[in-house]
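A.B. asks: Just dropping this structure here.
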Amino acid sequence: MGAAFKRFCARFCCCCCISDDESEEEKEPLISPDTLEYFDREAKKRREQEQNLWSEPGDPSHSERDDDRILYNLIQNRNQTRRGSLAHRRLSVDIEGMRDLRREVRDKWKMILENLGFMAEAESLLTVSASASYDRMKNASASRTLLHTLHSETSIFNTREAPPERYLFILDRLIYLDAAEDFLAKARRFYPKRDTDDEDEDNPLAVNLPLLLARVNRTMNREGSDDEDKRLDEEDGSGREDNF
């Protein structure tokens, strides 16, 4: 019996043409809550990857690399501070600063890919999920060699720190597409190697990342002290009211 006919009968017919079993069947959701929760969790992971561009995408703890660990700790500390507080605002500035640096590198890669003709494919080529595995790479050794060359002979990463591992997977794809050497040539042309002093001047945050954790700790301690002072003031005020 068609769903439309069933609805017609239920609304206009005096007889009951729909059994209780059929009625219950129609009320059951097409997708179970567990499935919806799984999709929601996966969507959240993708948003997090796109937002933070983890240097080591396959590390769920974000602790294997210093830069990932610093960014992760900044985010966790911000989650524990009061929204709108001075500590929350300062942490947000540091977090967005790190994210901006990562987006800047990604934008450089995207520009070169589009220059090579990958206009429609650039986004897909640059997407690296948390499930990325070194075991599934077809040219792991060659990719690592190219990554080291890009880091040492160009300014595409703009930092003296080790280049993000996520770009190994992108280079592996480019090698498969026979476009890796062309990409390297474009990178040398568009982003030639600069003096260390110039890199430091253009990217003060990149060379001072380890200092961010100390700053976070100072901010958190200051926030905790302010909260404690406020609590003591409130208790003291309450005590004075009781005396009256």
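Every read-out reported here was derived from the displayed coordinates using simple, explicitly stated rules and does not represent laboratory data. Here the structure is a predicted model, which means the values were calculated and not measured.
A.B. asks: How large is ³J(HN,Hα), in whole Hz, for each residue of region 72-77 in order, when computed from phi with the Karplus curve 6.51 cos²θ - 1.76 cosθ + 1.60 and θ = phi - 60°, using x for Gly and Pro?
C.D. replies: My calculation for region 72-77 gives 4, 5, 4, 5, 5, 5 Hz in order.
A.B. asks: Further question: Any chance you could check the Cα centroid distance between region 172-186 and region 127-167 for me, in angstrom?
C.D. replies: Each part's Cα centre sits 12 Å from the other's.
A.B. asks: Each residue of region 120-125 in order: what ³J(HN,Hα) in whole Hz does its phi give by Karplus 6.51 cos²θ - 1.76 cosθ + 1.60, θ = phi - 60°, with x for Gly and Pro?
C.D. replies: 7, 9, 4, 4, 5, 5
A.B. asks: With an 8 Å cut-off on Cα pairs and a minimum separation of 6 or more residues, tell me the relative contact order of region 47-188 in percent. Display every interim value, and only then the final one.
C.D. replies: Details: 126 pairs, mean separation 39.1, N = 142.
Relative contact order here is 28 percent.
A.B. asks: Which ³J(HN,Hα) values, rounded to whole Hz and listed in residue order, are derived for region 147-160 from phi using the Karplus coefficients 6.51, -1.76 and 1.60 in 6.51 cos²θ - 1.76 cosθ + 1.60 with θ = phi - 60°, glycine and proline given as x?
C.D. replies: Taking θ as phi minus 60°, the curve returns 4, 5, 5, 4, 6, 8, 10, 9, 10, 5, 9, 6, 7, 8 Hz for region 147-160.
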